[in-house]
């Protein structure tokens with residue numbers, strides 16, 4: 001039980017690109033991008049349906065139940 | 001003769017051939033084919049990053065967006081909301097204002113949903129986008145798109161990826177004659193002679209993907225397209241001879257022995 005409460009306090013369950021993910025709280029978007037080795041200049045981020053400006057990656061924190069999409073360019077016609 | 005330039009949106013392009021970057025065997029081939037095509041603008045799609053595979057090669061590592069213009073598309077979107085969301089994300093990614101709008105209506109034909117396309121065009125123009133619009137070859141709807149502020153009209157030659165070439169020349173020529181914005185034939189081009197025909201008819205440019213990517217030798221086909229688009233444009237500018245219902249000898253009868 002203690003562990004469970006502790007989990008709620010320190011972990012954030014989010015959905016990233018349709019996949020469920022657990023992160024430590026106080027994770028900024030920039031930190032998340034670094035974790036997945038993504039170049040912030042080559043992607044765009046949408047958090048709960050809102051596009052996040054690149055300048056705000058450092059100061060925007062991911063919260064519990066957030067839905068996040070990270071996209072990039074691929075081949076297409 | 002006045003220099004023949006191709007202006008679309010605010011951009012002046014050197015080539016009248018726009019190439020898609022999908023369906024190639026790998027990114028190396030994509031880059032080689034695009035180089036051979038001489039195109040200075042390529043279409044790209046917006047998709048989720050694969051977070052599980054950090055080592056997956058990236059298109060941007062093979063085609064530098066600083067050296068070749070990216071034209072983000074909305075392929076795979078079936079309503080105006082999805083298309084708007086995709087293009088707003090594309091703009092955030094690279095600051096691209098020039099985009100290709102493509103709202104599909106049906107998975108089998110990939111025919112455009114023109115009601116949603118018109119709706120999205122209106123909003124995108126208002127938001128400052130330069131919108132190149134994939135559309136049906138209906139002359140009235142093409143005119144409507146122009147009225148709404150589309151930067152270019154891109155009627156299909158035949159269904160996307162079919163390679164059937166121009167199926168309705170009458171409609172296409174009606175669109176060309178009435179438009180004041182560039183007409184770019186998009187979708188259905190099968191081989192480079194199809195591109196020559198489109199250009200000869202007076203189209204401003206052609207957009208080709210499958211016909212190059214699916215050729216046995218895509219790099220050679222890309223070069224063929226480069227030449228055929230130039231040839232088609234020159235045909236149009238030169239003005240072809242009149243068709244006659246009878247023969248007209250090339251050697252004079254006068255002085256015949």
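Looking at the stretch B:230-246, is at least one residue under 21 Å from residue B:25 (Cβ atoms) and touching a helix residue (DSSP H, G or I) at 6+ places or on another chain (Cβ under 7 Å)? No, the stretch B:230-246 contains no residue that is under 21 Å from residue B:25 (Cβ atoms) and touching a helix residue (DSSP H, G or I) at 6+ places or on another chain (Cβ under 7 Å).
Considering only the stretch B:174-195, state which residues are at negative phi and crowded, with 23+ Cβ neighbours inside 10 Å.
B:175, B:183, B:184, B:185, B:186, B:189, B:192, B:194, B:195
Is it the case, given these coordinates, that residue B:4 is within 13 Å of another protein chain (Cβ to nearest Cβ) and in a loop (DSSP other than H, G, I, E, B)? So residue B:4 does not fit the description; no.
Summed over the stretch B:16-53, residues that are surrounded by fewer than 17 Cβ atoms within 10 Å (Cβ to Cβ) and away from chain A (no Cβ under 14 Å) total 1. Sort out which residues of the stretch A:41-53 are surrounded by 15 or more Cβ atoms within 10 Å (Cβ to Cβ) and closer than 20 Å to residue A:74 by Cα, and write them in order of number. Scanning the stretch A:41-53 gives A:42, A:43, A:44, A:45, A:46, A:51. Filter the stretch B:196-224 down to residues that are out of contact with any helix residue (DSSP H, G or I) (no Cβ under 9 Å at 6 or more places or on another chain) and surrounded by 17 or more Cβ atoms within 10 Å (Cβ to Cβ), then give me how many there are. Final tally of qualifying residues: 3. Got at least one residue in the stretch B:126-140 being within 14 Å of chain A (Cβ to nearest Cβ) and under 29 Å from residue B:33 (Cβ atoms)? Checked against the condition, which is being within 14 Å of chain A (Cβ to nearest Cβ) and under 29 Å from residue B:33 (Cβ atoms), the stretch B:126-140 yields at least one hit.
Filtered by the rule that a residue be over 18 Å from the mean Cα position of the chain (by Cα), facing chain A (nearest Cβ under 9 Å) and either crowded, with 20+ Cβ neighbours inside 10 Å or part of a helix (DSSP H, G or I) (or both), the stretch B:64-91 gives B:85, B:86, B:88, B:89, B:90, B:91. Here residue B:150 meets the list (1) part of a loop (DSSP other than H, G, I, E, B); (2) touching a strand residue (DSSP E or B) at 6+ places or on another chain (Cβ under 6 Å); (3) closer than 24 Å to residue B:23 by Cβ almost entirely, failing just condition (3).
Looking at the stretch B:102-111, is at least one residue surrounded by 16 or more Cβ atoms within 10 Å (Cβ to Cβ), under 19 Å from the mean Cα position of the chain (by Cα) and within 8 Å of chain A (Cβ to nearest Cβ)? No, the stretch B:102-111 contains no residue that is surrounded by 16 or more Cβ atoms within 10 Å (Cβ to Cβ), under 19 Å from the mean Cα position of the chain (by Cα) and within 8 Å of chain A (Cβ to nearest Cβ). Where helices (runs of 4 or more DSSP H) sit wholly within the stretch B:174-257, those with at least 1 residues that are over 27 Å from residue B:112 (Cα atoms) occupy B:218-238. For the stretch A:21-31, the condition holds for no residue, the condition being that it is modelled with pLDDT of 90 or more, within 12 Å of chain B (Cβ to nearest Cβ) and under 12 Å from the mean Cα position of the chain (by Cα). For the stretch A:34-77, filtering for residues that are modelled with pLDDT of 90 or more, facing chain B (nearest Cβ under 7 Å), within 12 Å of the chain's Cα centre (by Cα) and assigned to a loop (DSSP other than H, G, I, E, B) leaves 0.
The values are calculated or read from the model by the stated rules, or taken from the named source; none is laboratory data. Note that this is a predicted model, so its numbers are computed, not measured. Cβ coordinates were reconstructed from backbone atoms using ideal geometry, including for glycine residues, and neighbour counts include every protein chain displayed.
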